[in-house]
Amino acid sequence: MADYPLADMTLARRLERAEALSNAAFVDARIRVSPELGARWIEVAGALAMFDGVGSPCTQTFGLGIFAPVAPAALAELEEFFQSRGADVDHEVSPLADPSALELLPARGYRPIEMSTVLFRPLAGPSGTQPDGISVRRTGPSDASLWARTAAEGWRDHPAVADLVYELGMVMTQVAGTELWLAEMNEVAVAAGALSLREGVGLLAGASTIPEWRGRGAQAALLRTRLESAVEQGADLAMICTQPGGASQRNAERKGFRIAYTRTKWRLVRSG
């Protein structure tokens with residue numbers, strides 16, 4: 001295993017930018033697939049703001065306070081961007097962000113609504129062994145619906161979430177720079193995963209396993225193959241975002257990922 005980079009501002013800027021660019025590419029795909037939605041993204045003071053429709057998990061900012069201090073004028077511009085489209089104003093903020101973010105957000109009427117853990121690992125050395133009985137393949141254009149259905153099936157105990165995952169999954173099949181992968185057992189698709197490559201960082205996302213196939217190594221196989229693909233394409237770092245302390249975080253740590261930091265998502269609940 002290669003040396004781990006320090007969990008400092010340099011790393012935070014790489015990770016936040018990679019995720020921001022990945023989401024911007026998603027919005028670009030949404031613009032092509034559903035132009036009537038009015039999807040758009042902008043950059044303000046180094047932060048990328050995404051509008052992917054009201055209620056979309058992609059509708060928020062990334063990198064606030066990481067590339068520049070947060071000024072009231074910048075927040076006002078971002079708030080106008082979302083509010084003029086009828087969307088909540090959400091900012092995913094790293095604890096390494098400039099202190100101005102922590103000062104201004106509560107003062108303007110924001111409150112924290114959720115947290116996410118960002119993990120990373122260098123891309124060198126072994127990435128684990130492939131479990132027996134599982135094959136992994138990258139999907140092609142004809143597999144779009146299959147990939148989205150497989151991802152959605154992993155959430156079928158939550159029908160509303162499953163519907164959203166399918167709808168987002170179909171857009172993901174059109175995102176430039178994103179690879180979609182399936183794990184299969186006995187020629188049946190049992191799990192899905194995605195890999196987005198941005199500026200030397202491989203962002204792992206879209207992990208979902210159909211309930212009856214869980215615990216058989218499908219996600220381990222998908223992780224191994226995606227990491228290998230990232231290395232082949234010149235990436236030197238991988239990242240993944242999870243719920244703090246959850247099963248996904250534990251699994252990532254078992255595969256060599258380390259916690260970089262835990263972010264807070266802030267939502268505007270009243271005008272400043």
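For the range 208-234, which positions are touching a residue at least 60 places away in the same chain (Cβ under 8 Å) and within 17 Å of the chain's Cα centre (by Cα)? LEU222, LEU223, LEU227, ALA230, listed by residue number.
Report, by residue number, each residue of the range 32-44 that is part of a helix (DSSP H, G or I) and touching a helix residue (DSSP H, G or I) at 6+ places or on another chain (Cβ under 8 Å).
If the condition is that a residue be part of a helix (DSSP H, G or I) and touching a helix residue (DSSP H, G or I) at 6+ places or on another chain (Cβ under 8 Å), then VAL33, LEU37 are the ones that fit.
Does SER100 fit the bill of being touching a residue at least 60 places away in the same chain (Cβ under 8 Å), out of contact with any Phe, Trp or Tyr (no Cβ under 9 Å at 6 or more places or on another chain) and either within 20 Å of THR10 (Cβ to Cβ) or not in a helix (DSSP H, G or I) (or both)? Taking the combined requirement at face value, the residue does not satisfy it. Of all residue pairs spaced 6 or more apart or on separate chains, those with beta-carbon atoms under 8 Å, a first member in the range 56-69 that is within 17 Å of MET172 (Cβ to Cβ) and a second member that is β-branched (Val, Ile, Thr) and open to solvent by less than 10 Å² (accessible area, probe 1.4 Å) are CYS58/VAL27. The number of residues in the range 1-13 that are out of contact with any Pro (no Cβ under 8 Å at 6 or more places or on another chain), open to solvent by 20 Å² or more (accessible area, probe 1.4 Å) and of a type in the set (Gly, Ala, Ser) comes to 1. Considering (1) surrounded by fewer than 16 Cβ atoms within 10 Å (Cβ to Cβ); (2) under 25 Å from ASP132 (Cβ atoms), the lone condition that LEU223 does not fulfil carries the number (1).
Does the range 59-80 contain any residue that is assigned to a strand (DSSP E or B), of a type in the set (Asp, Glu) and over 14 Å from the mean Cα position of the chain (by Cα)? Within the range 59-80, none of the residues are assigned to a strand (DSSP E or B), of a type in the set (Asp, Glu) and over 14 Å from the mean Cα position of the chain (by Cα). Listed by first and then second residue, the pairs with beta-carbon distance under 9 Å, at least 6 apart or on different chains, first residue in the range 141-152 and touching a residue at least 12 places away in the same chain (Cβ under 8 Å), second open to solvent by 10 Å² or more (accessible area, probe 1.4 Å) and among the charged types (D, E, K, R), are ASP143/ARG137; ALA148/GLU167; ALA152/ASP163; ALA152/GLU167. Residues of the range 233-272 that are in a strand (DSSP E or B), over 30 Å from GLN83 (Cβ atoms) and open to solvent by 30 Å² or more (accessible area, probe 1.4 Å): ILE240, ARG258, ILE259. Restricting to the range 14-42, and then to whatever is surrounded by fewer than 19 Cβ atoms within 10 Å (Cβ to Cβ) and of a type in the set (Val, Ile, Thr), can you tell me which residue is farthest from ALA144 (Cα to Cα)? Residue satisfying both the conditions and the ranking: ILE42.
The values are calculated or read from the model by the stated rules, or taken from the named source; none is laboratory data. Everything numeric here is computed off the predicted structure, so don't read it as measured data. Cβ atoms come from the backbone with ideal geometry, glycine included; neighbour counts cover every protein chain shown. With ligands, DNA and RNA removed, areas are computed over all heavy atoms of the protein, side chains included. Shrake-Rupley method; radii C 1.70, N 1.55, O 1.52, S 1.80 Å.
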